Amino acid sequence: MKNNKMLTMIIIVLVAVILIGVVVFVLLTQFNKPTGVVEPSIDEIVEATIEVPEITTNLADNRVVRMSLKIQTTNKDAADELTKRIFQVQNIAIQELSEMEKKDLEGKQGKQIFQSSLKTRINELMQEGEVQEVYFTSFITQ
């Protein structure tokens, strides 16, 4: 009887250790999986990027801003769509700028807020893919 209890206890401990080992193995293999996200090459980025012609407009404080943009999309189809919508992109940029003052665009943070706003508004238009980044290629305020 004593041997049966001892044998049962050993079996329970072995099963518990094996279960813990299996759980640890599964967790480690799941967390160490590559995410599968492959960064696009520079050629793919260029292919999915469009250039917005120079925009010159007044700010809310009667200052003038002149800028050029490049907009990176998720793929070539999205870039083609955005090329067709370039007049809408320019309109959005002018509308956003007309409500801003020079001080709103100063510094890194001001420009990042403007870029984020453009990205959000343009993505509302998009049907093929979306805008990933908005880049300034020139930016002058007077």
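Points worth noting:
- Val38 vs. criteria assigned to a loop (DSSP other than H, G, I, E, B), out of contact with any Leu (no Cβ under 9 Å at 6 or more places or on another chain) and β-branched (Val, Ile, Thr): yes
- Residue in the stretch 1-51 that is modelled with the highest pLDDT, counting only those that are surrounded by 10 or more Cβ atoms within 10 Å (Cβ to Cβ) and of a type in the set (S, T, N, Q): Thr49
- Test: residue in the stretch 82-96 that is over 20 Å from the mean Cα position of the chain (by Cα), part of a helix (DSSP H, G or I) and of a type in the set (Lys, Arg): yes
- Some residue of the stretch 76-87 being aliphatic (A, V, I, L, M), loosely packed, with under 15 Cβ neighbours inside 10 Å and without any contact (Cβ under 8 Å) to a residue 60 or more places away in the chain: yes
- For beta carbons closer than 8 Å, sequence separation of 6+ or different chains, a first residue in the stretch 102-114 that is at negative phi and a second that is among the small types (Gly, Ala, Ser), the qualifying pairs are Lys103/Gly110; Asp104/Gly110.
- For Asn62, the criteria (1) touching a Lys or Arg at 6+ places or on another chain (Cβ under 8 Å); (2) part of a loop (DSSP other than H, G, I, E, B); (3) not acidic (Asp, Glu) hold in every case but one, which is (1).
- Scanning the stretch 97-136 for residues that are in contact with a helix residue (DSSP H, G or I) (Cβ under 7 Å, 6 or more places away or on another chain), hydroxyl-bearing (Ser, Thr, Tyr) and in a strand (DSSP E or B) turns up nothing.
- Look at (1) more than 21 Å from the chain's Cα centre (by Cα); (2) of a type in the set (Phe, Trp, Tyr); (3) part of a strand (DSSP E or B); (4) closer than 17 Å to Thr49 by Cα and you find that Phe139 fails only one, number (4).
The values are calculated or read from the model by the stated rules, or taken from the named source; none is laboratory data. Just so we're clear, the structure is a prediction, and the values are computed from it rather than from any experiment. Here Cβ is always computed from backbone atoms with ideal geometry, including for glycine, and neighbour counts include all displayed protein chains.
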